[in-house]
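The values are calculated or read from the model by the stated rules, or taken from the named source; none is laboratory data. For clarity, every value in this text was computed on a predicted model and none was experimentally measured. Note that each Cβ is placed from the backbone with ideal geometry, even for glycine, and that neighbours are counted across all protein chains shown.
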Amino acid sequence: MSKSTKEIKYPSYISPKRVPVAPPEKLVVDGQAIFGTFNAELPNMNLLELNNAPAKKNYKRYTEWEALELSFEDFTLLTAVYSTNPIGFAIFVFFDKKLGKVTHNWLKIVPRKKAFVADNLIDGITSLNAGKTNYNLVNNFSEGKAYAKASSKGKSGTIEFDVDLTNLSDPSVVSIPFDANLPLYSQKNIFSVKGHVTVNGKRYDANEKTVAIIDDHKGYYPKLAHYDWLTTMSRQEVDGEIKTIGFNLTRNQSINQDDYNENLLWLDGTSSPLPPVYFKYDENDKSIWYVKDEHGKVDLKFVMEDTFKMVLDIGIIMIKYYLPFGKVYGKVVDINDKEYVFDGTAGIGEDKTTKM
């Protein structure tokens, strides 16, 4: 946090366990995961050392990815390297804001051993280099920096990007229990961007309005798992000044949503934890989500414009992954009871169900 937690008065709806504390040296100690909210990067995410089962079995259930979401004036680009048993993949999804459509996508599937997700964000590298896809994301969060360079060629043509990222936010760092010793770790930060993205020969240069989010993710999901997610990031006017604003909202299988969630509002170097939220489809229009909490602090409508879908069902493995792009309307209220209004801000969602 930009201020010490002692200087901040948290409202009663924010659990003391949602107040960030210094991270432990290791996320697993004597076979038991440490759960909580942290104010900095975790140096050693030794999640394969859980004593739930032999390490070999842990590895088979272990899932990790690092995603980079870029928001330019003309488009949103979601990219990621993903690793789980038995596969890994790199994905690029390009959403044209003016057309309101996902116009391009690239997917490169490889054996798991060829998809590398950074050990940590302090100085780790995420990469997948195979065939016509090359993806490298260098994390240097100890200095508030990251660098990404990638390219791919496929049915959608060619994509290439080269971007430098500078951190603008407090981190959202959490370790969430899905069972007594079944952890999910996640860290998210919001960044300014310098560099470019080129799609089929058309180059887009970043400017002062371009922002990005890095989403790092490691852990264990139940055999049948589901989560919903919504985020936004932009540069917009707040109290007469142009500021960076964004939020992260998720409903997953945390066994205690009040104590362990990753809901957060970002505003130019500061952050504000948010209470647990619920996702609900509009009864008459499945392209509309409502995201709300029980304290009147989150009251949002997400209007989808287009959705990228990835569906795989081979019996023992099932993935239903829906990635909608659209616009966000409504309000979010911070811990100081200040209201922030969203009126058509670009948003990205996820509706994901897996059986492993």
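Using the structure shown, decide if residue 90 is touching a Lys or Arg at 6+ places or on another chain (Cβ under 8 Å) and touching a residue at least 40 places away in the same chain (Cβ under 8 Å).
On the way: touching a Lys or Arg at 6+ places or on another chain (Cβ under 8 Å): yes; touching a residue at least 40 places away in the same chain (Cβ under 8 Å): yes.
For residue 90, the condition - touching a Lys or Arg at 6+ places or on another chain (Cβ under 8 Å) and touching a residue at least 40 places away in the same chain (Cβ under 8 Å) - is met.
Testing residue 235 on (1) closer than 21 Å to residue 302 by Cα; (2) crowded, with 17+ Cβ neighbours inside 10 Å; (3) in contact (Cβ under 8 Å) with a residue 60 or more places away in the chain, one condition comes back false. Which one is that?
(3)
With the checklist (1) within 27 Å of residue 184 (Cα to Cα); (2) assigned to a strand (DSSP E or B); (3) at pLDDT 95 or above in hand, flag the one item residue 255 doesn't pass.
Result: residue 255 passes all but (2).
Residue by residue through region 251-261, note down the ones that are surrounded by fewer than 23 Cβ atoms within 10 Å (Cβ to Cβ) and either touching a Ser or Thr at 6+ places or on another chain (Cβ under 8 Å) or within 24 Å of residue 144 (Cα to Cα) (or both). Walk me through how you get there before you give the answer.
Initially, region 251-261 is screened for residues surrounded by fewer than 23 Cβ atoms within 10 Å (Cβ to Cβ), giving 251-259.
Those that are surrounded by fewer than 23 Cβ atoms within 10 Å (Cβ to Cβ) and either touching a Ser or Thr at 6+ places or on another chain (Cβ under 8 Å) or within 24 Å of residue 144 (Cα to Cα) (or both): 258, 259.
I'd like the residue in region 308-333 that is of a type outside the set (A, V, I, L, M, F, W, C) and crowded, with 18+ Cβ neighbours inside 10 Å and, out of all such residues, is farthest from residue 77 (Cα to Cα). Break it down stepwise before answering.
Filtering region 308-333 for residues of a type outside the set (A, V, I, L, M, F, W, C) gives 309, 313, 315, 320-322, 324, 326-327, 329-331.
Now narrow it down to the ones that are crowded, with 18+ Cβ neighbours inside 10 Å: 324, 326-327.
Details: 324: 12, 326: 13, 327: 15 Å.
If we take residues in region 308-333 being of a type outside the set (A, V, I, L, M, F, W, C) and crowded, with 18+ Cβ neighbours inside 10 Å, then 327 is farthest from residue 77 (Cα to Cα).
Residues that are of a type outside the set (S, T, N, Q), without any contact (Cβ under 8 Å) to a residue 60 or more places away in the chain and more than 26 Å from residue 221 (Cβ to Cβ): which strands (runs of 3 or more DSSP E) entirely in region 260-356 hold 1 or more of them? Spell out the reasoning first.
Details: elements: 264-267, 270-273, 278-281, 288-292, 298-313, 318-333, 339-355.
The qualifying strands (runs of 3 or more DSSP E) are 288-292, 298-313, 318-333, 339-355.
When you look at residue 228, is it among the acidic types (Asp, Glu), part of a strand (DSSP E or B) and buried (at least 18 other Cβ atoms within 10 Å of the Cβ), yes or no?
Judged against the criteria, residue 228 is a match.
Quick one: what pairs do we get from region 105-125, first residue over 20 Å from residue 44 (Cα atoms), second of a type outside the set (Gly, Ala, Ser) and assigned to a loop (DSSP other than H, G, I, E, B), C-beta under 8 Å, 6+ apart or different chains?
Matching pairs, first to second residue: 108/132; 111/86; 112/85; 112/86.
In this structure, does residue 82 turn out to be at pLDDT 95 or above and farther than 19 Å from residue 217 by Cβ? Working first, answer last.
Numbers: at pLDDT 95 or above: yes; farther than 19 Å from residue 217 by Cβ: no.
Here the answer is no, as residue 82 does not meet what is asked.
Given the options 127, 151, name the one that is farther than 15 Å from residue 82 by Cα, small (Gly, Ala, Ser) and assigned to a strand (DSSP E or B). Give the derivation first.
On the way: 127 fails: farther than 15 Å from residue 82 by Cα.
On inspection, the qualifying residue turns out to be 151.
Residues that are closer than 23 Å to residue 349 by Cα and either among the acidic types (Asp, Glu) or in contact with a Leu (Cβ under 8 Å, 6 or more places away or on another chain) (or both): list the strands (runs of 3 or more DSSP E) wholly contained in region 13-98 that include at least 1 such residues. So that I can check it myself, show each step before the final result.
Values: elements: 36-38, 62-71, 75-84, 87-96.
In region 13-98, the matching strands (runs of 3 or more DSSP E) lie at 62-71, 75-84, 87-96.
Which of the residues spanning region 107-126 are buried (at least 19 other Cβ atoms within 10 Å of the Cβ) and under 19 Å from the mean Cα position of the chain (by Cα)?
Hits for region 107-126 are 115, 116, 117, 118, 121, 124, 126.
Working carefully through the options 120, 134, find the one that is not in a loop (DSSP other than H, G, I, E, B) and not aliphatic (A, V, I, L, M).
Values: 120 fails: not in a loop (DSSP other than H, G, I, E, B).
On inspection, the qualifying residue turns out to be 134.
Do we have any residue at all in region 203-211 that's touching a Lys or Arg at 6+ places or on another chain (Cβ under 6 Å) and in a loop (DSSP other than H, G, I, E, B)?
Taking every residue of region 203-211 in turn, at least one turns out to be touching a Lys or Arg at 6+ places or on another chain (Cβ under 6 Å) and in a loop (DSSP other than H, G, I, E, B).
Return the only residue of 163, 173 being in contact (Cβ under 8 Å) with a residue 40 or more places away in the chain, assigned to a strand (DSSP E or B) and either over 22 Å from residue 89 (Cβ atoms) or acidic (Asp, Glu) (or both). Break it down stepwise before answering.
Details: 163 fails: either over 22 Å from residue 89 (Cβ atoms) or acidic (Asp, Glu) (or both).
Being in contact (Cβ under 8 Å) with a residue 40 or more places away in the chain, assigned to a strand (DSSP E or B) and either over 22 Å from residue 89 (Cβ atoms) or acidic (Asp, Glu) (or both) holds for just one of 163, 173, which is 173.
Just the residues that are assigned to a strand (DSSP E or B) and out of contact with any strand residue (DSSP E or B) (no Cβ under 6 Å at 6 or more places or on another chain), please, taken from region 99-117.
Here is the first cut: in region 99-117, the residues assigned to a strand (DSSP E or B) are 101-111, 116.
Listed by number, the list holds a single entry, 111.
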